[in-house]
Amino acid sequence: MRGNRLSASVMTEPHYLDFAGTRLAYRYRDGASPTLVFLPGYASDMDGTKALAVDAFAEARGNAMLRFDYSGTGLSGGRFEDRTLGGWLDQSLAVIDALTDGPLILIGSSMGGWLALLIARQSPERVVGLVGIAAAPDFTAWGYSAEEKAALRADGRLEQPNPYGDAPQLTTLGFWRSGESLRLLDAPIPVDCPVRLVHGDADADVPVDIANRTVRQLRSADVQLTIIKGGEHRLSQGHEIAAILRVLAEIVETTE
C-alpha cells in the first residue's frame with residue numbers, strides 16, 4: 001500500500017496529496033483489483049455526474065476507485081491559468097503512483113480521455129483497460145479556429161463563452177503549446193490494452209470523427225466505439241450513463 005490510501009468503504013471528505021508544492025485533492029475507495037481511475041475533463045472536477053456514477057459502480061462491484069482534481073480545479077490548490085496539459089499529466093501519474101498498486105482501468109472524460117491515452121502509453125505494464133467518454137485527444141489542434149490560435153499567440157490567452165457555466169472558458173498559450181507537444185492522432189498510438197470509446201453523434205464540442213480517428217490510430221486489436229444517437233458532449237443523461245457503465249463492466253470483467 002502506498003501513500004495515504006484510505007480503507008473506509010465510503011469517503012465523505014476529500015484527502016490531499018502534496019505534489020511539487022501544490023495540494024491535490026482526491027477521493028479513494030479501497031477494494032479489489034483492478035483499480036478504476038477517473039480522469040475529469042478540462043476545467044471539470046472529481047465530483048461530476050459521470051465521476052460519481054463510476055464511483056457508485058466501483059462500490060457496487062467492490063473495486064478500488066481513485067478520482068482526483070487537477071491543480072487549479074475543484075478542491076485542489078493552484079491557479080487554473082497556470083496549468084498545462086503536460087503538468088496535469090505529470091500530476092496524474094504522480095497521484096496514481098502514490099495511491100494505487102497493481103492493474104488499472106482508466107476512465108477519461110473529454111480531455112481526461114486524452115490524458116488516459118497518454119498515461120496508458122507511458123504505463124503499459126499497469127493499464128489493463130481504458131474507457132474514453134467523449135474523448136478529446138489533440139483538441140488543441142482541431143478545437144480552435146485559425147483566428148483563435150492567432151489570438152492565443154498574440155495575447156497569451158483566449159476567453160470564450162462557456163456553455164457549462166457563467167465564467168468564460170479560458171485557454172492559455174502555455175496550455176495550448178503543451179497540448180500541441182502531446183498530440184497523438186498523427187501517428188499510431190502505442191496502446192495495446194482493450195479500449196472502449198463512448199461518443200454522442202450530436203457532440204458539438206468533440207466531433208464524432210475524432211472518435212473514429214482514435215479508433216483507427218490505436219494499435220490495440222480490441223477497440224470498440226459506441227455511438228449514442230442524439231448524445232451531446234456531456235453524456236450525463238440516465239441512458240448515456242447506463243451505456244458508459246455497460247462498457248466499463250465489460251472491460252472490468254475481461255480483466256478480473
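When you restrict to C-alpha pairs under 8 Å that are six or more residues apart and normalise by the size of the chain, the relative contact order lands at 17 percent. Computed from point charges on the beta carbon alone (+1 for Lys and Arg, -1 for Asp and Glu), the dipole magnitude for the chain about its Cα centre is near 300 Debye. The distance from the alpha carbon centre of the stretch 161-196 to that of the stretch 46-75 is 20 Å, rounded to a whole number. With 0.36 nm allotted per residue and the present C-alpha distance subtracted, the T254-D97 stretch has 54.2 nm of extension available. For the stretch 111-203, the list of GluC sites (Glu not before Pro) that fall in a loop by DSSP and count at most 10 other C-beta atoms within 10 angstrom reads E125. Spin-label pair E81-D201: with each label point 7 Å from Cα along the Cα-Cβ axis, the two points sit 4.2 nm from one another.
For the stretch 69-187, what is the charge dipole size about the Cα centre, in debye to the nearest 20, if Lys and Arg each add +1 at the Cβ and Asp and Glu each add -1 at the Cβ? Don't skip to the answer; put the middle values down first.
Details: 9 positive and 15 negative charges, 30 e Å.
That gives a dipole near 140 debye.
Can you tell me, using C-alpha contacts under 8 Å and at least 6 residues apart, the relative contact order of the stretch 117-255 as a whole percent? Relative contact order of the stretch 117-255: 29 percent. Ordering I133, V191, I227 by Cα displacement along the dipole of the chain toward the positive end leaves V191 in first place; charges were set at the Cβ atoms of Lys, Arg (+1) and Asp, Glu (-1).
In deg cm²/dmol, rounded to 500, what helix-only [θ] at 222 nm does the chain give when every DSSP H run of at least 4 residues adds -39500 (n - 2.57) and the total is split over its residues? Before the final figure, lay out each step's value.
On the way: 8 runs with 91 residues, N = 256.
So the calculated ellipticity at 222 nm is -11000 deg cm²/dmol.
Bear in mind these aren't lab numbers, they're just calculated from the coordinates by the rules spelled out. Everything numeric in this text was worked out from a predicted model, so none of it was measured. No Cβ is skipped: glycine too gets one built from the backbone with ideal geometry, and neighbour counts run over all protein chains shown.
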